[in-house]
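Nothing in this text is a laboratory measurement; each read-out follows from the coordinates by a stated rule. No experiment lies behind these values; they were computed from the predicted model shown. For neighbour counting, all protein chains shown are included, and Cβ atoms are generated from backbone atoms with ideal geometry for every residue, glycine included.
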């Protein structure tokens, strides 16, 4: 009888160990990694771009510039830029511009459409400086967390001749 009880005890212990499982229950939490967005708040950006300016009724002017932007939140930022554009047979015109940016990052595809509004002052071309305003929009695609490609266009309005035009930019954006 002792042998039978011992054998039954060994079988029960073996069966209990076999059915015990790995210790996981359905109540264990599954940790999902949240993807990070490449467009951040408190972000400083440096822009280098090529630009084209088309006046209504005039020939286009070509050039480029540099910009510095700061985003307070992921969606709202301000910026300043220095542009220079000119034609082959005329003197160049340079402009100092301030911008307010409103962007909507689509983090899953690293793309951020944005709107901008601003203004500034233009000098050169043998004339005294004059003020102007603009409104426009663009797209930025982030290749990495710190490097992006952007393109935008803006409608420029001024009281000086030529009164109105479209400025297009495309370039690289470095974010820190």
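The alpha carbon centroids of region 42-64 and region 68-107 are separated by 9 Å.
Going by neighbour counts of Cβ atoms within 10 Å, the residues 104, 114 line up, fewest first, as 104, 114.
Neighbour counting of Cβ atoms within 10 Å sorts the residues 143, 84, fewest neighbours leading, into 143, 84. Modelled spin labels at residue 82 and residue 100, positioned 7 Å past Cα toward Cβ, are 2.6 nm from each other. Measuring r between the beta carbons of residue 145 and residue 121 and using R0 = 45 Å, the FRET efficiency lands at 0.85. A viscosity of 0.692 mPa s and a temperature of 37 °C, combined with the Kirkwood radius over Cα pairs in Stokes-Einstein, give a translational diffusion coefficient for region 43-175 of 218 µm²/s. Ordering 32, 85 by the number of other Cβ atoms within 10 Å of each residue's own Cβ, fewest first, gives 32, 85.
Between residue 159 and residue 31, the modelled label-to-label distance comes to 6.3 nm, taking each label 7 Å out from Cα in the direction of the beta carbon. Sorting the segments 87-93, 133-139, 167-173 by their residues' average number of neighbouring beta-carbon atoms within 10 angstrom, most packed first, yields 167-173, 133-139, 87-93.
Using packing as a proxy for protection, rank 148-156, 67-75 so that the peptide with the highest average count of other Cβ atoms within 10 Å comes first.
Working: 148-156: 18.2, 67-75: 15.3.
Answer by packing, highest mean first, reads 148-156, 67-75.
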